1. Where in region 48-164 are there helices (runs of 4 or more DSSP H), lying wholly inside it, with at least 1 residues that are at pLDDT 80 or above and either of a type in the set (A, V, I, L, M) or within 15 Å of the chain's Cα centre (by Cα) (or both)?
2. When region 105-126 is examined, which residues are found to be free of Cβ contacts under 8 Å to residues at least 12 places away in the same chain and buried (at least 19 other Cβ atoms within 10 Å of the Cβ)?
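The values are calculated or read from the model by the stated rules, or taken from the named source; none is laboratory data. Not measured: the values here are computed from a predicted model. Cβ atoms come from the backbone with ideal geometry, glycine included; neighbour counts cover every protein chain shown.
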Amino acid sequence: MAIDATTKAKILAFMVTNCRVETLSVPDFRAMVVNEFPEAEAEWDTLLTFDFIPMGAKIKLENDVQVMAACPVVASPSPESAVASEAAVTEGTTKRPWPPTEPERFAAVRDALIEHVEKNDHATAAAIQDEFARVGEKRIKEILDTLVALGVAQENNGKYSHSA
């Protein structure tokens, strides 16, 4: 059975928060995550390979044991992304370009949420998705749900706001 988006967001937030470089073996990390979220056991390989590693996690082999070599970081957009975004607006495009990296995507969704909330008091995933070119509402909702799990945003009946 697949993990629902909200639970997946909570699991990934837990993984980001508890990732420790070079002091945590992947088997120990898996045990920690599964202890907190038993439903992650069946989906571990998918979570690690298709979600956590694309967010910036890296694994290395040390003395025949896999250990965390890098942990994901949710950061502000790079200067290159800011220039690309500014160029898109200058050319008359109303939608922002979808950033190339996962940390930049999280930061861009966070920033769009803040801007939208300042104007409208709250935002829906559809409203945030409408801000960007070439990204689906489902992916925006996953990122918003992760921001909620990290305490960066709040959600009430599908309406999101930024945590102070």
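1. Where helices (runs of 4 or more DSSP H) fall fully within region 48-164 and carry at least 1 residues being at pLDDT 80 or above and either of a type in the set (A, V, I, L, M) or within 15 Å of the chain's Cα centre (by Cα) (or both), they are 102-120, 125-129, 137-149.
2. none
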